[in-house]
Amino acid sequence: MVALTLFVLNGFLIARLDQPLMERAGGEPKLDLRFGYDLATVQRLMDAYGAEGRSFYIWNLIADTPFPIFGAIAVSLSALVAFRDLFWQKVLILPPLTFGATDLIENVLLLSIMLGFPSLPPALVAVTSVITQVKRAAYYTSVVVLILSLLSIALKRVQRRSSLDSA
């Protein structure tokens with residue numbers, strides 16, 4: 001529960017830190033909130049952010065670093081508690097572990113893009129975009145796993161209480 005609370009709190013912090021970047025880019029989401037991007041998009045956003053915005057994005061990435069760690073731990077533990085079958089445990093922890101790993105890799109790659117600007121190697125942008133796509137898919141799948149896990153845990157508690165009340 002602690003990891004889940006920290007995950008949610010860190011998510012709120014990041015959402016607040018995302019606002020100045022979106023304002024600088026005319027409401028466009030930052031790179032790690034997109035389902036992929038191309039070189040032209042990265043160039044347009046980096047220009048819109050300006051030097052100050054790119055510096056702020058670096059701090060944003062640092063604040064984002066605990067998010068995938070807390071998320072992977074919270075969702076994995078929820079799935080392990082909710083589902084006792086070893087097969088399902090292995091299947092259900094794959095999305096959060098994938099999310100955690102790819103988000104951390106994405107942060108390092110985005111940091112490289114920020115620090116290397118104005119040079120934007122097309123291969124770096126392409127690889128980062130693919131990592132972002134995998135991360136986004138794993139994140140959305142992790143949210144589904146978390147919801148199913150929490151529902152399962154809640155249902156088991158209700159069933160346990162109802163069997164105790166009827167005994």
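Every read-out reported here was derived from the displayed coordinates using simple, explicitly stated rules and does not represent laboratory data. None of the values given here were measured: they were computed from a predicted structure. Virtual Cβ from ideal backbone geometry, glycine too; neighbours counted across all protein chains shown.
Any chance you could give the angle, 0 to 90 degrees and rounded to 10, that helix 2-24 forms with the longest Cα principal axis of the chain?
Once rounded, one gets 30 degrees.
Output the peptides 58-65, 83-90 sorted from most to least packed, where packing is the average of other Cβ atoms within 10 Å over each peptide's residues.
58-65, 83-90
What is the pair-distance distribution P(r) of region 82-167, computed from all Cα-Cα distances in 5 Å bins starting at 0, with each bin given as a whole percent?
3, 14, 16, 14, 12, 10, 9, 7, 6, 4, 3, 2, 1, 0, 0
Can you tell me the order of 69-78, 37-46, 135-144, 14-23 when each peptide is scored by its average per-residue count of other Cβ atoms within 10 angstrom, highest first?
Final packing ranking: 69-78, 135-144, 37-46, 14-23.
Relative to the longest principal axis of the chain, what angle (0 to 90°, nearest 10) does the C-alpha long axis of helix 39-64 take?
50 degrees
In the neighborhood of ALA137, defined by Cβ-to-Cβ distances under 14 Å, what is the net charge if each Lys or Arg adds +1 and each Asp or Glu adds -1? Intermediate values should be presented prior to the final figure.
Numbers: positive: ARG34, LYS135, ARG136; negative: ASP32, ASP103, GLU106.
Summing Lys and Arg as +1 and Asp and Glu as -1 gives 0.
Give the long-range amide H neighbours of GLY36: residues separated by 5 or more places, or on another chain, with amide H under 5 Å away, using H modelled in the peptide plane at 1.01 Å from N.
GLN133
What FRET efficiency would be calculated for the residue pair ALA15, ALA126, taking the C-beta separation as r and a Förster radius of 25 Å, to the nearest 0.05? Mind showing how you got there, number by number?
On the way: r = 28 Å, r/R0 = 1.10.
For R0 = 25 Å, the calculated efficiency reads 0.35.
Can you work out the Karplus-derived ³J(HN,Hα) for every residue in region 127-140? Use 6.51 cos²θ - 1.76 cosθ + 1.60 with θ = phi - 60°, whole Hz, and x for glycine or proline.
Once rounded to whole Hz, the list reads 5, 4, 4, 5, 4, 4, 5, 5, 4, 4, 4, 5, 5, 5.
Explain nothing, just compute: Karplus ³J(HN,Hα) = 6.51 cos²θ - 1.76 cosθ + 1.60, θ = phi - 60°, for every residue of region 110-123 in order, whole Hz, x for Gly and Pro.
In residue order, the calculated couplings are 5, 4, 4, 5, 4, 6, x, 4, x, 6, 10, x, x, 5 Hz.
When we measure straight from the Cα of LYS135, which lysines land under 29 angstrom away, once same-chain ones fewer than 8 places off are left out?
Reachable lysines: LYS30, LYS90.
Applying 1/(1 + (r/R0)^6) with R0 = 22 Å to the Cβ-Cβ distance of TYR140 and SER162, what FRET efficiency is obtained, to the nearest 0.05?
On the way: r = 33 Å, r/R0 = 1.51.
Plugging the Cβ-Cβ distance into 1/(1 + (r/R0)^6) gives 0.10.
Considering just Cα atoms, how many Å³ per residue does the convex hull of the chain enclose?
105 Å³
Taking 7 Å along the Cα-to-C-beta vector as the label spot, tell me the GLU52-LEU33 distance in nanometres, rounded to one decimal.
2.0 nm
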